[in-house]
1. Starting from the Cα of B:His95, move 7 Å in the Cα-to-Cβ direction to define the label point; list residues of segment B:50-85 whose amide nitrogen is under 13 Å from there.
2. How far apart, in nm, are the 7 Å Cα→Cβ label points at A:Lys158 and A:Ile67?
3. What FRET efficiency comes out for B:Arg155 versus B:Asn71 if R0 is 25 angstrom and r is the Cβ-Cβ distance? Round to the nearest 0.05.
4. For segment A:79-208, compute Rh as the Kirkwood radius over C-alpha pairs and then the Stokes-Einstein diffusion coefficient at 4 °C and 1.567 mPa s; write the answer in µm²/s, rounded to an integer.
5. Consider all pairwise Cα distances in the protein assembly as shown and report the whole-number % of them above 27 Å.
6. Taking the Cα centre of chain B as origin, work out the dipole magnitude from +1 charges on Lys and Arg Cβ and -1 charges on Asp and Glu Cβ, in debye rounded to 20.
7. Given the convex hull of the Cα atoms of segment B:1-150, what is a quarter of its surface area in nm²?
8. Along the three principal axes, how long is segment A:167-244 when you take its alpha carbons, biggest first, rounded to the nearest angstrom?
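No lab work stands behind these numbers, since they all come straight from the coordinates. Note that this is a predicted model, so its numbers are computed, not measured. Neighbour counts run over all protein chains shown; Cβ positions are idealised from the backbone, glycine included.
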Amino acid sequence: MIRNLDFIRYIIFKNSENETSKNKEEEIAVRLLNVEEAIKMIPDGAIVMIGGFLGVGSPNTLIDEIIKQKRSNLTIIANDTAFPDKGVGKIIVNKLAKKVIVSHIGTNPETQKQMIERFLEVELVPQGTLVEKIRAGGLGLGGILTPTGVGTIIAEDKQIMNIEGKDYMLELPLKADFAIIKAKRSDCNGNLVYSLTARNFNPIMATAASTVIAEVEEILPVGTISPDEVHTPGIFIDYIVKSR
Amino acid sequence: MDPKFIIAKRVAKELKNGQLVNLGIGIPTLVVDYIPKDIKVLFQSENGIIGMSPLPEEGLEHPDLTNAGANYVGAIPGAACFDSALSFGIIRGGHLDLTVLGGLQVDEEGHLANWMVPGKLIPGMGGAMDLVTGAKRVIVAMTHTTKGEPKIVKRCTLPLTSIRRVDLIVTEMAVIEPSKEGLILKEISPEVTLEDVLKSTEASLIISKDLKVMEV
C-alpha cells in the first residue's frame, strides 16, 4: 500500500560490479528523498510526531533541516523536549513550536521558560499514556483505559470508568499530519530495523501520522533483512531519508 | 557519609533474587553500587530495555544504549530491547517487581508527590505516574527533609503522582512503612535519636514494637 501517489521512483539496487547484471537492473519503488525535499512537504502549523527519548533515537538530520527551513508554529508530539542542544530541544530553542504534547520537559530549561512566557503551550501526559494514545491513533482504537493518573490532577477533566471494580481513565487517540522517526536501517521497501534503546517511540509513531518520514543510517536491498527481524513493516513508511 | 549513599545502601537490601527492578533518576540510580553479591536482579529501564547494566568501562559508550536519564549504560548478555508501548505495558501490566523512585513529599496515607511544584518547577511526570501505579512494589528513596522542611507530611500539598499507597519510605534517618493504619516507623539510623526523627517528620508516626537500628 503506497499512500502517496506522487512518490518518486529511484533505482536503488544495481549490481554495477557485474557487467552482465546491467540488464537485470532492478527498479524498486521506495520513496527516497533528500532531506530538503522531505522537510519542504511539512507546512507551517503542522502537527508533527518526532521519535526519540531525550534525543536518543531522534531523526537529527530531519530536525536540523526543520530548523534550517524555519518551519514554524508546529505542534510537536514527542516523549520529551530533550536538551537545548539535542533532538526536539533544538526546535524549542529556535522557537518553532507553538505547542508540545510530551511527558517530560525537565531537561530543557528553555521549554519551561517559553511556557511561563506563554509563547509555548505544554500539555503533559504520563509517558505510558502518551505512547498508548499514539498507538490507539495508529491502530484504529477509539481510546484507551488506563489506571495511571486516576485520582490525580490530570484526571480532573477525564471520564472515569469502573471495570471489574477498578477505576480507569479514558484517554483519546492521538494522530499527526507527519511523523518523523529514526531507524538504524531500512530496505528499499521501507522495512525498518531499530537499534537498542533508540527504538522507543519510533515504531509506534510510524503508525499514527498521515505522512511518515523515516531517517535511516543505511538503506539495504530488498531481501537482505529477514522477515522476522523487521520491526516496522514498510507499508507504514512513505519516505526515507538518509542520515547525514 | 553523604545522606544519599546511606539511603541507596539501605534500599539495596530490599532487592530480592530474580526480581525485575526499575530505578528512577537521582538517589535510586545509586542503589546499583550497593547490591549484595549473592543477589541477582534484572534491571528494566522505561526507554526500552531489560538487562541494563552500568557502563562496563569508559570508551564502550554506544550512542543508542542509554538509561532513562540519557546516560550511557551497558547491557548484560541476554538483554532485550523493545519499544515504549511494551516497556510501559511491562510497568502497568504488573510485570515489574519493584521500582525505586525519588520523592518530594509522602503523606500519612502513603501517597507520593514527585512530579511538580506548581509555579516553580514543572519537569513533568515522565514515567513516574505509570511506575507508581503499576509496579508490584514501590520504594521511595529520598532525604528526610529539604532545607529543614519535613518531606513526610500529614497531607501532600504538592500534586500527587498516584493515589496508590507506596510500600516503603527510606531516608537517611529512618525506614517507614505506610499501612492502612498509618506510617509505621520500622528503623532508625544509628546517627539519630527517635526524637530527631519525630522532630523532622510532620506526619504522625506509629512506632513499631519491633523498632530496629537501620543497618548502613
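1. It comes to B:50-51, B:80-85, nothing else.
2. Here the answer is 3.4 nm between the modelled labels.
3. Details: r = 35 Å, r/R0 = 1.40.
It comes to 0.10.
4. Values: Rh = 16.3 Å.
Using the Kirkwood radius from Cα pairs, D works out to 79 µm²/s.
5. Numbers: 59821 of 105570 pairs.
Percent of Cα pairs beyond 27 Å in the protein assembly as shown: 57.
6. Details: 22 positive and 27 negative charges, 108 e Å.
Dipole of chain B, to the nearest 20 debye: 520 debye.
7. On the way: hull surface 41.4 nm².
Seen from a random direction, the Cα hull of segment B:1-150 projects 10.3 nm² on average.
8. Result, largest extent first: 48, 25, 22 Å.
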